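Heads up: the structure comes next, in structure tokens.
The values are calculated or read from the model by the stated rules, or taken from the named source; none is laboratory data. All figures in this text were calculated on a predicted structure; none of them were measured in a lab. Positions of Cβ are generated from backbone atoms using ideal geometry, with glycine treated the same way; all protein chains shown enter the neighbour counts.
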Amino acid sequence: METLPLVTLAFISVLGMAVPGPDVVLAISNGSRYGIRRALFGVAGVVLSDIILICVVAFGFGVLLAASEFYLSAVRMVGAIYLFFIAVGALRTSTGLRHAIDRDFHEKVHSTKALMFRCFMVAVTNPGAWLFFPAVLPPFVDTSEPIAVQYAVLAVIIAVADVFVLMLYAMLGSRAAKLLAGPNAMWIDRLYGMALLGFSSVLLLQSLGHL
């Protein structure tokens, strides 16, 4: 594999991840809620999702799945429902009521497994990723060389791009939390919840064929 195409892929991956989407919103929220270290576990969930999708492409199923309107609609629907669930939870958190009702709430939201699972689910049900990888990765693969090794290299590049971009957003969220410390901190959860509601609405309309 030549160096220049790999640099091009890294650039494309960084630009693709930098575009605001559910993954970015989660990174900002995790950084503001839990700090940089715990936000890294959420990023790990996104990386795991991307590795799975890259494996799907490597085994030759990527093009078939991307071309299936039924499958993409199903992915959009699942993603919309899950984002709606997270958004409602964030909006409920912003009211402070859950802290009074559930004494273990603080430990639950800080669970590293919960962070990884939440971010993994959001990433793996993102139809944009199912379209991105089958379209972008194959041109960087030389069929005359070992396929598995090449896809492994591509996966590492994309994983590094994910970590780099999402941790920058997590740092942004952490800084925002410091600026909005105190009673104003609830606005972070409110904005986060409203943003996810917006994404879930778009996915729902796309799955129903209205967009």
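Some notes on this structure:
- Scanning segment 113-159 for residues that are among the small types (G, A, S) and touching a residue at least 40 places away in the same chain (Cβ under 8 Å) gives A123, G128, A129, A135, A148, A155, A159.
- Segment 26-44, residues that are touching a residue at least 24 places away in the same chain (Cβ under 8 Å) and surrounded by fewer than 24 Cβ atoms within 10 Å (Cβ to Cβ): R33, Y34, G35, I36, R38, L40, F41, A44
- Residues that are at pLDDT below 90, surrounded by 15 or more Cβ atoms within 10 Å (Cβ to Cβ) and among the aromatic types (F, W, Y) within segment 99-132 comprise W130, F132, listed in sequence order.
- Residue list for segment 86-98, filter: at pLDDT below 80 and of a type outside the set (G, A, S): L91, R92, T93, T95, L97, R98
- Segment 1-25 - residue that is buried (at least 21 other Cβ atoms within 10 Å of the Cβ) and closer than 17 Å to V136 by Cβ and, of those, farthest from the chain's Cα centre (by Cα): S13
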